[in-house]
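Comments concern the structure below.
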Amino acid sequence: MAAMAHGDPSLTALESYYDSAPRSAARAEAFGPLTFFVREAARGGAGFPFYARPAHGWTGRPANALDVVRVRARQRELGLPEAFEWVEETTPHLRAAVEDAGLVTHAHPLMVLDPGAVLPDPHPLVRLVDADDPALPGALAVPYVAFAAPGTSVGAAGAEELAARVLAQADDGTVPAAAERIRAGMTGLAAAVEGGGVLSSGRHNPVGDVSEIVAVGTLPAARRRGLGLAVTAALVADARARGVATVFLSADDDQVARVYARLGFVTVGTAMIAEPAP
């Protein structure tokens, strides 16, 4: 996997983004060289839990296994996933620290869009989803169904599983929180909709002139139709329309990275995730 060197402007911009983006929906708890972001319902914090990551601008000693153990204890205390995320090229020592603390690490291609990339024509099933769109609940639920069956192979999960997920999130604040973020311009959401049902969705979260594309997922029963890529293209177009200069994402693996490369994304580093062993 090709990667730009530490200090590259792209990676520097991403580090600032990683620290800024969660703060609109979470509080930051400091643990020396590490920061743990905790979602807060009062700040529209419904959604996937956040993680711990290197403290932005930290100039002290590198994080060690004891620091990781302290954060893990806090995560358990709050009933949250013991998850850590960072960029390998920016914080290369952290892998050893989290592994010494008993976590398992996973590496993913970190990709930035080539500013000169030409997007394909819009897909007829894909649209931006606004705060009042009836497709909003389904668009928010699709990633949960998709990520429960990882990979790109066609699977059985489809409309029935999606309906169950929509029902499960009906009273947890997910939909109104997302609607408020959309109205505030903090999130762009796109979905592939067919016959009133959502098949694929994803979002991007702009902060200044940087935005990350996240939670792109397709119902397993609707895979292999190019919908995830079409949703990603719609998100890129929306980010550009908002004046975003740097659009980035993390791919699951090299195979998925090759798909995103068709839109003009280029691997610039390695996104690391650490979690307890299964």
Taking only the alpha-carbon positions of the chain as identical scatterers, the Debye log10 I(q)/I(0) at q = 0.07, 0.11 Å⁻¹ comes out as -0.24, -0.63
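For Met111, Met186, give the ranking by accessible area with the largest first, probe 1.4 Å.
Met186, Met111
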Under a GNM of the chain (C-alpha, springs under 10 Å), which listed residue has the highest mean-square fluctuation: Thr59, Thr35, Thr152?
-> Thr59
DSSP beta bridge pairing in the chain, given as percent antiparallel to the nearest 5 | 90 percent
Per-residue ellipticity at 222 nm for the chain, helices alone: DSSP H runs ≥ 4 residues times -39500 (n - 2.57), over residue total, nearest 500 deg cm²/dmol?
-> -9500 deg cm²/dmol
Could you sort Leu125, Leu66, Leu110 by accessible area so the largest value comes first, with the probe set to 1.4 Å?
-> Leu66, Leu125, Leu110
Taking springs between alpha-carbon atoms closer than 10 angstrom, which of Gly197, Gly60, Gly226 fluctuates most in the Gaussian network model of the chain?
-> Gly60
Between helix 159-168 and the chain: long-axis angle, C-alpha atoms, 0 to 90°, nearest 10 = 60 degrees
Largest-first ordering by accessible area, 1.4 Å probe, given options His204, His123 | His123, His204
Using the alpha-carbon atoms, what tilt in degrees (0 to 90, nearest 10) does helix 136-147 show relative to the longest principal axis of the chain?
-> 60 degrees
So, with +1 on the Cβ of K and R and -1 on the Cβ of D and E, and no other charges, what is the size of the charge dipole of the chain about its Cα centre, to the nearest 20 debye?
-> 140 debye
Peptides ranked, highest mean first, by Cβ atoms within 10 Å: ranges 251-264, 163-176, 138-151 = 138-151, 251-264, 163-176
Rounded to the nearest 10, the angle in degrees between the Cα long axis of helix 227-241 and the longest principal axis of the Cα atoms of the chain comes to 70 degrees
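The values are calculated or read from the model by the stated rules, or taken from the named source; none is laboratory data. From a predicted model like this one, the values you see are computed outputs, not experimental measurements. Using ideal geometry, Cβ is built from the backbone for each residue, glycine included, and neighbour counts are taken over all protein chains shown. These accessible areas exclude ligands, DNA and RNA; they are computed on the full protein's heavy atoms, side chains included. Shrake-Rupley method; radii C 1.70, N 1.55, O 1.52, S 1.80 Å.
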